[in-house]
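For reference, the structure discussed in these notes is given below.
The values are calculated or read from the model by the stated rules, or taken from the named source; none is laboratory data. Just so it is clear, the structure is predicted and the values come from calculations on it, not from any experiment. Cβ placement follows ideal geometry from the backbone for every residue including glycine, while neighbour counts extend to all protein chains displayed.
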Amino acid sequence: MVAAEAAPPARAALFHGGQAGEAGPSADPAPPGTEAPSTAPAAKARSTSVQRMVIKVAHLDLITSEPQDGFTKAVLLAKTVGGYTLNSRHEDRRSTVTLRVPAGRFEETVQRLTELGKVDRREVTGTDVTAEFVDVTIRVNNAESVRRRYLELLQKSGNVADALAVQRELERVTTTIEQLKGRLVVIQNQVTLATIHVSLEKPTRPGPVGWIFYGLYHVIRWLFVWT
């Protein structure tokens with residue numbers, strides 16, 4: 001079949017890839033002599049009963065006379081609850097460690113870690129990624145629907161030029177699907193395993209001159225502030 005000489009239709013985006021709000025790769029018009037794939041969403045409607053997905057992160061700064069001992073106990077605790085050590089660092093007066101633990105035992109683990117020293121800072125945050133997970137899932141479903149349509153077009157291609165054009169779009173769509181599925185894996189991993197950053201540091205003790213100013217501070221405070 002001879003293709004029409006009219007200018008090809010404008011390039012249209014089939015779907016968006018990546019995270020919510022990011023524009024993904026668009027597909028070229030269908031090869032001459034073939035029917036363009038449908039762009040209707042193939043995913044099911046968003047469910048109102050989607051399980052909430054929250055990424056939990058904690059930062060603990062602890063003061064202890066034995067940072068190395070506290071580090072060893074923290075690593076052992078993570079292993080006991082079914083987690084692992086992501087990374088660690090040791091200095092002269094300070095040890096730091098990042099732990100990944102099951103989300104279901106996050107609060108328990110944080111509480112037990114605070115027993116390793118005097119808590120100087122405790123920060124716990126949670127990031128709700130439910131909407132992002134649902135959005136990316138829908139994008140994956142839409143992209144897979146487009147891919148199936150291109151596979152059908154490939155079977156119907158009447159010549160080599162059409163087949164090559166469809167094959168290029170198949171590669172484009174397949175790459176997008178892999179990227180989106182990779183993002184889903186990352187989200188699921190961050191939700192399933194919470195992250196705890198622990199810092200263990202030796203207490204700072206003032207020297208001879210420091211004790212003088214330390215005492216002077218308390219005297220002045222007593223003179224001006226009564227509680």
>> Given (1) out of contact with any Gly (no Cβ under 8 Å at 6 or more places or on another chain); (2) more than 15 Å from L200 (Cα to Cα), identify the lone condition not met by V75.
In response: (2)
> Within segment 94-106, which residues are over 17 Å from Q190 (Cβ atoms) and out of contact with any helix residue (DSSP H, G or I) (no Cβ under 7 Å at 6 or more places or on another chain)?
Replying inline: T96
> Regarding S95, is this residue surrounded by 15 or more Cβ atoms within 10 Å (Cβ to Cβ), in contact with a strand residue (DSSP E or B) (Cβ under 9 Å, 6 or more places away or on another chain) and either free of Cβ contacts under 8 Å to residues at least 12 places away in the same chain or of a type in the set (S, T, N, Q) (or both)?
Replying inline: yes
> Which ones in segment 69-80 are surrounded by fewer than 17 Cβ atoms within 10 Å (Cβ to Cβ) and within 15 Å of F106 (Cβ to Cβ)?
Replying inline: T80
>> I need the full set of residues from segment 50-88 which are without any contact (Cβ under 8 Å) to a residue 60 or more places away in the chain and among the β-branched types (V, I, T), in order please.
In response: T72, V75, T80, V81, T85
> How about segment 106-121: which of its residues are in a helix (DSSP H, G or I) and either of a type outside the set (D, E) or touching a Pro at 6+ places or on another chain (Cβ under 9 Å) (or both)?
Replying inline: F106, T109, V110, Q111, R112, L113, T114, L116
> Out of (1) under 19 Å from G82 (Cα atoms); (2) under 16 Å from the mean Cα position of the chain (by Cα); (3) aliphatic (A, V, I, L, M), the odd one out for V134 is which?
Replying inline: (1)
> Considering only helices (runs of 4 or more DSSP H) fully contained in segment 122-227, which possess at least 2 residues that are modelled with pLDDT of 95 or more?
Replying inline: 130-156, 160-192
> What is the residue count in segment 104-127 for residues that are surrounded by fewer than 18 Cβ atoms within 10 Å (Cβ to Cβ) and within 15 Å of K56 (Cα to Cα)?
Replying inline: 11
> When you look at R168, is it out of contact with any Gly (no Cβ under 8 Å at 6 or more places or on another chain), over 30 Å from H197 (Cβ atoms), surrounded by 17 or more Cβ atoms within 10 Å (Cβ to Cβ) and not acidic (D, E), yes or no?
Replying inline: no
> Taking segment 65-105, which residues are assigned to a strand (DSSP E or B) and among the basic types (K, R)?
Replying inline: R89, R94, R100
